[in-house]
1. Go over the candidates A:His127, A:His149 one by one and state the one that is at pLDDT 90 or above, part of a loop (DSSP other than H, G, I, E, B) and over 19 Å from the mean Cα position of the chain (by Cα).
2. Based on this model, can you work out whether A:Arg140 counts as basic (Lys, Arg), without any contact (Cβ under 8 Å) to a residue 40 or more places away in the chain and not assigned by TED's automatic domain parsing to the domain that holds A:Lys45?
3. Going through region B:318-339 one residue at a time, which ones are more than 9 Å from chain A (Cβ to nearest Cβ) and either crowded, with 20+ Cβ neighbours inside 10 Å or farther than 17 Å from B:Met431 by Cβ (or both)?
4. Going through A:Lys45, A:Lys112 one at a time, which residue ends up being outside any strand (DSSP E or B) and within 16 Å of A:Leu147 (Cβ to Cβ)?
5. Does region A:51-67 include one or more residues that are facing chain B (nearest Cβ under 9 Å) and either touching an Asp or Glu at 6+ places or on another chain (Cβ under 6 Å) or not in a loop (DSSP other than H, G, I, E, B) (or both)?
6. Taking the conditions exactly as written (modelled with pLDDT of 90 or more and either within 19 Å of the chain's Cα centre (by Cα) or away from chain B (no Cβ under 11 Å) (or both)), does A:Val16 satisfy them or not?
7. Restricting to region B:470-488, name every residue that is hydroxyl-bearing (Ser, Thr, Tyr) and modelled with pLDDT of 90 or more.
8. Would you check which residues across region A:19-42 are in a loop (DSSP other than H, G, I, E, B) and either within 18 Å of A:Pro80 (Cβ to Cβ) or within 13 Å of another protein chain (Cβ to nearest Cβ) (or both) and list them?
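The values are calculated or read from the model by the stated rules, or taken from the named source; none is laboratory data. As the structure is a computational prediction, the values presented were derived from the model and not from experiment. Positions of Cβ are generated from backbone atoms using ideal geometry, with glycine treated the same way; all protein chains shown enter the neighbour counts.
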Amino acid sequence: MLEIQSLTKYYRNIPVVDDVSFSVRPGEVTGYLGPNGSGKSTTMKMITGMLEPTGGRVLLDGGDIRSDMATFRRRLGYVPEEPHLYSYLTGLEYLQLIGRLRMLPSAVVDRKANDLLSLLALHVHRHAHISAYSKGMKQRVLIAAALLHDPDVLILDEPLSGIDVTSALLFTHLLAELAAAGKTILYISHVLEAVEKSCAQVVIIYKGRIQAADSVENLRKLMQLPSLMEIFSQLAEQRDLGKAARDIVAVMRG
Amino acid sequence: MQTEPRLKTDRAVNEQLGTLVRLFFSRFFDKESLSPQGDPAANVIQILGTLAALGAIVSILMFCLTLMLPKKGWDIVYLRCLFLAFSMSIIGFIVVFEWDAIFPDRRDSQVLFPLPVPVWKLFLAKTTAFLLFLGTFLVAIDGVVTIFWPALFEGGNFLAVMATHLLVTIAAGLFSAFAAASIQGLLLIVLPIKIFRPVATCVQTILMAAMVMLFLLSPIIAEKFRLMAGSSSGVARWVPAYLFSGLYELMRPVVRSQALLDLGKTSLTALGCATALFALTHIPLYLRQAHKLLDPPPFHPSGPGRFHIALNAVVDRFLLRHPVQEAVFHYIGKTIVRSTKHRMFLAVNAGFGAALVIMSLAPFVTVDYASFAILISRGPARAALIGVPLTLSFVLISGLRAVFNFPAELAANWSFQMTGANQTGQCLIAMQKWILVCGVIPLFLLLTPFTLVFFPWPVAVFQLVFGVMLSVLLMEGLFMDFTRIPFTCGYFPGRNNLIWLMSAYVIGLIYYPSLMADLEIRLITSPLKATAAVVIGCLILWKWRERAKPEESLDYLGDDDPAVRTLGLLQ
């Protein structure tokens, strides 16, 4: 189990993430929701060890990940928010690089990389440079790289960004399969329907603080709202969105 | 009533053209290698300031030279030729460096082609921006010298001397720019589009190295002018700096040499040809390229060939033997081959090394220009010849040390950080193996046939072994505090003490090859001493490697607060 305990990040006395605590259970998908700038990606960076927290800790199976970051990262598969990749490498070369850095034998890396690229509909493009890939294709390369070493923990930060409908549907099934295989999955997405469908529990963060952490069903009952979208609007978005839309059209016409 | 809307439309059309020109002009500076922190405007000022400073330094150096010269006759011709060689090689370098920005690229196609802008307007804006860019650089390079030229170097009517200098340097600069730009156009015409990109990349790299070499060899080129102009071989007609020195003579005679006047007339033909070639190759190609960019890029390349796969398998099996070593070794190779900025940096380094070698051998070389025979006086050249591989290996290793610090893609190093393979030792071993197998050993093997021409084979073999051993020791020394995977640094270099680094580099370059060449000359007289030296060298290396067990973790971020960097708050 992945436990986030009182995780806090301050920058020049401004709280980016403020006392965030929740748990991600194995065999489940936990959704992490929040509007842009709410602190989701900062939380992810602290969980993956790329950012030092100001306070709090992250535990995996009871042990602080900071005490042995290398072991934690060996068990972690991560899809970052932005597809920053070495664009002059081909898709296959990138997976070979990651596989070898994860100390998998070359033969295993080659087999798994080719198989994953085939299954993610990238095999015909495997020798093309990543610079020629669309955003969705880059996301698929990142997903393949995150799965290459059969990780126990998966942190997926906006994995559906730019992905086509077929791949998105495939990804929904993939999440279910991974959860069934006992993986611990933390899933950030703006696609609320996908979160509602895949996640056993959701955590909603707004302005760096947790607003709710429970199953979608319980949240619906608790807040007496019919869908996750409305729950999210209530907790994390106080603006009148209809009015904002009307204002945009007015500006456009003016 | 109808005039007002038409005026508005004309103004909008002009504004559109002006916007495009400004955009394309800024694109010449909007390169990661030029503006790593993403501030092209600041870089324009920095680059132009550097070039103006370079022009000032050149004039000061030339002024110092003239203190020893009587400022008349062939000495003035020498100075003119020297300055023209300097400025032409700089302009040539800049244009070759900016090759990619002369034609529209994928970003243009994505951003501009959906907008209601006709292709002819894009062409016009791009050409105007290119000419503005050229003009700016010509002024930056030649401006300072033009102002001081009449006072420092040539007597006579101040304004007339200045105007002549300005005209000749502009003509020479335009020739250099158009000729360099036309090479790319010619390649596009001659080569099938499939192989154009790799061939153009190779040609661009070689040309950049050549331009750096020519820049550094300018004093030698200028020095040989009188000899070459006087020879009947006609070689002088193929050296652009000589042609435009002839134009200078044509406009403002100082030696009244017929050979120089003929060169001057040829320079006008050459300038006309270069301009025509530029226009002919670029107008149709621009249109072709613009349309081509609308098509999707080739998306199903065939991948590496059989030989490439077999070679990689051999390297993995017999040389690397660890997955992390394999990853880092191949990553270094691919980055150097495919990353433009790293390739450019190494090209500059190669040009620097080649110039140093030519300069060290020049005093011992005599060229018979009639028969093109190169004669090297064997006796005195011995020390210089022995120093050649050592100079080149120093330039190579120190160049790699510098280029490895330059990140390939700033934001992508998370891939290395997240893989958990914090195998510092394996990563550094892979890096050292790459330097040896892909750098040092090929360099020495390439030089061995030349060594065999001048030395008996046992000496050549000793030179190979001793040279490689010294290079390994040098590599250990230069990479002593290097604890990162090449190209994965989280920031661009620049915060380091550049003056200190440059000083150490120059001192190393002066002393290392000469001291080691002296040592080698002493050792080759006695096989016993030679063997003992190799054994001692190997022992030092062994002891060093025993001591240097890298325990610390890999460095990605330097000494800055990683929190601030990762949040992107400093960038």
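1. On the way: A:His149 fails: over 19 Å from the mean Cα position of the chain (by Cα).
Unique residue meeting the criteria: A:His127.
2. Values: basic (Lys, Arg): yes; without any contact (Cβ under 8 Å) to a residue 40 or more places away in the chain: yes; not assigned by TED's automatic domain parsing to the domain that holds A:Lys45: yes.
Criteria met by A:Arg140.
3. B:Phe318, B:Leu320, B:Phe329, B:Ile332, B:Ile336 - these are the residues of region B:318-339 that are more than 9 Å from chain A (Cβ to nearest Cβ) and either crowded, with 20+ Cβ neighbours inside 10 Å or farther than 17 Å from B:Met431 by Cβ (or both).
4. Of A:Lys45, A:Lys112, the one residue that is outside any strand (DSSP E or B) and within 16 Å of A:Leu147 (Cβ to Cβ) is A:Lys112.
5. Within region A:51-67, not a single residue is facing chain B (nearest Cβ under 9 Å) and either touching an Asp or Glu at 6+ places or on another chain (Cβ under 6 Å) or not in a loop (DSSP other than H, G, I, E, B) (or both).
6. Numbers: modelled with pLDDT of 90 or more: no; either within 19 Å of the chain's Cα centre (by Cα) or away from chain B (no Cβ under 11 Å) (or both): yes.
So A:Val16 fails the test.
7. Passing the criteria: only B:Ser471.
8. If the condition is that a residue be in a loop (DSSP other than H, G, I, E, B) and either within 18 Å of A:Pro80 (Cβ to Cβ) or within 13 Å of another protein chain (Cβ to nearest Cβ) (or both), then A:Gly34, A:Asn36, A:Gly37, A:Ser38, A:Gly39 are the ones that fit.
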